[in-house]
1. Quick one: in the stretch B:1-37, which of the residues that are in contact (Cβ under 8 Å) with a residue 60 or more places away in the chain and either closer than 26 Å to A:Ala119 by Cα or part of a helix (DSSP H, G or I) (or both) is farthest from the chain's Cα centre (by Cα)?
2. Within the stretch A:99-112, track down each residue that is touching a residue at least 12 places away in the same chain (Cβ under 8 Å) and closer than 24 Å to B:Gln103 by Cα.
3. Can you go through A:Glu56, A:Glu75, A:Glu39 and tell me which one is modelled with pLDDT of 95 or more, over 25 Å from A:Arg157 (Cβ atoms) and out of contact with any helix residue (DSSP H, G or I) (no Cβ under 6 Å at 6 or more places or on another chain)?
4. Return yes when A:Ala134 is part of a helix (DSSP H, G or I) and of a type in the set (Gly, Ala, Ser) and no when it is not.
5. Against the definition (hydrophobic (A, V, I, L, M, F, W, C) and surrounded by 17 or more Cβ atoms within 10 Å (Cβ to Cβ)), how does B:Ala89 come out, yes or no?
6. Just the residues that are within 13 Å of chain A (Cβ to nearest Cβ) and touching a residue at least 40 places away in the same chain (Cβ under 8 Å), please, taken from the stretch B:129-146.
7. Which of the residues that make up the stretch A:99-124 are part of a helix (DSSP H, G or I) and more than 9 Å from chain B (Cβ to nearest Cβ)?
Amino acid sequence: MKITLLITGIVANCLIVGAGILLAPASVAQNAGSLRPAESFQSIPDTRARSVALFEEAGKVIQHPRCVNCHPATERPLQGMSMHPHQPPVFRGDAGMGLVGMQCNTCHSEQNTPVVGQADTLKSIPGNPAWHLAPIEMAWEGKTLGQICEQLKDPKRNGEKTMAEMVEHMAHDELVGWGWQPGEGREPVPGTQDEFGKLIQAWVDTGAACPSP
Amino acid sequence: MVTFTLNGKERTFDGDPDTPLLWVIRDLEKLTGTKYGCGVAQCGACTVHLDGMPRRSCITPIAMIDGSDVVTIEGISGKEAEAVQTAWAGLDVPQCGYCQSGQIMSAVALLQMLPKPTDDEIDGAMTGNLCRCATYHRIRAAIHNAANSMEG
């Protein structure tokens, strides 16, 4: 019996240590940063230059790992501020919800959930009712802000959205909004969703000009 | 007060709402077939079925499952479960066995959704269930055997 218990304990420890190796250190919440108000860009007289500047400010959100991690260029989501491949290894699947038998909701729920009884480096599991990957045509990983900008304006690569629908999506979509409420232990994207939505609206209103690719 | 069904029986829990489902299953309900491996959804040893779908119980707060149906390795039943049990015994799949209840819960859920999975589909569904003894080759073969046995 003692031997059985010993072996069970060793195996349990192996599993725990093995899993620990797979876990990257959770990013610790830092200064969330801020966004310049859209109206502050009025000081730029040239409309096109103002439009580009507005999008570059919005790019602080768009290119933040919280957003890009779920806009991967491969079939696998990314994780953390280091943007490492998701562990455990999960893949896009139908509608970006994961593969059969290993869908996102095997672990992610409708809300950020606390992790209890663990090291302080992992505070919570992220979650949202709409938790899923962006379609592959909306991949942002590895792209410049200029390339993402052109992508956002292309109906074939933006979910066939009009620019008005794009503004609405950025300003009010609940999963987009998760970026500002990513759960304990995760750095939120800069500013607020309201400020971000106003930047996108002002960018569209000024002609939706893009930075150089 | 959280009310849920555990292996067909109604249960209630009136403690800290953040308590992981795994702790309730093991420590309060004394159903120790479901294992604690990593505690952070990285190994799959704690897999149960929540409303028919595989779910990592170690990171599932009990408050989240109010009104839900939970099935553990002790309560799993049906043709897929029987086929998996037979196939697992036939190939002598486990080595140490610690991860196997999680493996079996994931395998049964897969077969309920995909009765004849390919190698890639098996790999995709089982990728979150670690086995330190590396019995993966027997797990995959046993799932194929279980699927084949259900065809006849």
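1. The initial filter retains those residues of the stretch B:1-37 that are in contact (Cβ under 8 Å) with a residue 60 or more places away in the chain, namely B:2-8, B:33-35, B:37.
In the following step, the residues that additionally are either closer than 26 Å to A:Ala119 by Cα or part of a helix (DSSP H, G or I) (or both) were identified as B:33-35, B:37.
On the way: B:Gly33: 10, B:Thr34: 8, B:Lys35: 10, B:Gly37: 13 Å.
Taking the candidates together, the pick is B:Gly37.
2. If the condition is that a residue be touching a residue at least 12 places away in the same chain (Cβ under 8 Å) and closer than 24 Å to B:Gln103 by Cα, then A:Met102, A:Cys104, A:Asn105, A:Cys107, A:His108, A:Ser109 are the ones that fit.
3. Answer to the check: A:Glu39.
4. Answer is no for this residue.
5. No, not satisfied.
6. The answer is B:Asn129, B:Leu130, B:Thr135, B:Ile139, B:Ile143.
7. Applying the first criterion (part of a helix (DSSP H, G or I)) to the stretch A:99-124 yields A:104-106.
Hit for the stretch A:99-124 is A:Cys104, nothing else.
Conditions (1) crowded, with 23+ Cβ neighbours inside 10 Å; (2) of a type in the set (Asp, Glu); (3) within 23 Å of A:Asn105 (Cα to Cα); (4) assigned by TED's automatic domain parsing to the domain that holds B:Tyr136, marked per residue:
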site: B:Pro17; (1), (2), (3), (4): no, no, yes, no
site: B:Leu28; (1), (2), (3), (4): no, no, no, no
site: B:Tyr36; (1), (2), (3), (4): no, no, yes, no
site: B:Asp51; (1), (2), (3), (4): no, yes, yes, no
site: B:Thr60; (1), (2), (3), (4): yes, no, yes, no
site: B:Gly67; (1), (2), (3), (4): no, no, yes, no
site: B:Ala83; (1), (2), (3), (4): yes, no, no, yes
site: B:Gly97; (1), (2), (3), (4): no, no, no, yes
site: B:Ala107; (1), (2), (3), (4): yes, no, yes, yes
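The values are calculated or read from the model by the stated rules, or taken from the named source; none is laboratory data. In this text the structure is predicted, and so the values were computed from the model without any measurement. Cβ coordinates were reconstructed from backbone atoms using ideal geometry, including for glycine residues, and neighbour counts include every protein chain displayed.
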